[in-house]
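Undergrad: Just passing along the structure, written as structure tokens.
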Amino acid sequence: QVQLVESGGGLVQAGGSLRLACAASGRTFNYPMGWFRRAPGKEREFVVVVSGGGAVYYADSVKGRFTISRDNAKNTVYLQMNNLKPEDTAVYYCAVRATAGGVYYQVRSYDYWGQGTQVTVSS
């Protein structure tokens, strides 16, 4: 069983930065860990994922602005968000993919989810 706790959300002006963290309890070593977000009135969407081996895949909307990293010793994944835009406003969720199959950018491919952390970007 894996439990995920996100932190680091908040209110920031456009162009600003935030760093999210996701601390995992339980075994997550070598599991892909990702971030999704859900904006008001929209469905949850893929943001970025990092594999156990370090391969990273970003959504086009965040490429060049967001950076994911993981610290396996601390069982933690981070999301550095720079040059934030109002359209980045959403609840951000950390997720772990513990079973094979599915596609990395699909919500249903992930087995464990955090409770989410709110990110609000003002214009």
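The values are calculated or read from the model by the stated rules, or taken from the named source; none is laboratory data. On a predicted model such as this, the values are computed, not experimentally measured, just so you know. Because the Cβ atoms are built from the backbone with ideal geometry, glycine has one as well, and the counts that use them run over all protein chains shown. Note: accessible area is taken over every heavy atom of the protein model, side chains too, but ligands, DNA and RNA are not part of it. Shrake-Rupley method; radii C 1.70, N 1.55, O 1.52, S 1.80 Å.
Undergrad: Going through region 49-68 one residue at a time, which ones are assigned to a strand (DSSP E or B) and open to solvent by 50 Å² or more (accessible area, probe 1.4 Å)? Spell out the reasoning first.
TA: As a first pass, look at region 49-68 and keep what is assigned to a strand (DSSP E or B): 49-50, 56-58, 66-68.
Listed by number, the residues that qualify are Val56, Tyr57, Tyr58, Thr67.
Undergrad: Now for a different question. Could you list, in sequence order, all residues of region 1-48 that are outside any loop (DSSP other than H, G, I, E, B), acidic (Asp, Glu) and open to solvent by 40 Å² or more (accessible area, probe 1.4 Å)?
TA: As a first pass, look at region 1-48 and keep what is outside any loop (DSSP other than H, G, I, E, B): 3-7, 10-13, 18-25, 33-38, 45-48.
With the extra rule that they be acidic (Asp, Glu), the set shrinks to 6, 45.
Correct list: Glu45 only.
Undergrad: In region 18-37, which residues are touching a strand residue (DSSP E or B) at 6+ places or on another chain (Cβ under 6 Å) and polar (S, T, N, Q)?
TA: Selection gives Ser25, Thr28.
Undergrad: Give region 91-110 a look and list any residue that's more than 14 Å from Arg38 (Cβ to Cβ) and of a type in the set (Gly, Ala, Ser), or say none.
TA: Of the residues in region 91-110, the ones more than 14 Å from Arg38 (Cβ to Cβ) are 96-106, 108-109.
Result: Ala98, Ala100, Gly101, Gly102, Ser109.
Undergrad: One residue is enough: does region 73-92 have a residue meeting the conditions open to solvent by 40 Å² or more (accessible area, probe 1.4 Å), more than 21 Å from Thr120 (Cβ to Cβ) and either touching an Asp or Glu at 6+ places or on another chain (Cβ under 6 Å) or without any contact (Cβ under 8 Å) to a residue 40 or more places away in the chain (or both)?
TA: Looking for residues that are open to solvent by 40 Å² or more (accessible area, probe 1.4 Å), more than 21 Å from Thr120 (Cβ to Cβ) and either touching an Asp or Glu at 6+ places or on another chain (Cβ under 6 Å) or without any contact (Cβ under 8 Å) to a residue 40 or more places away in the chain (or both), one finds at least one in region 73-92, hence yes.
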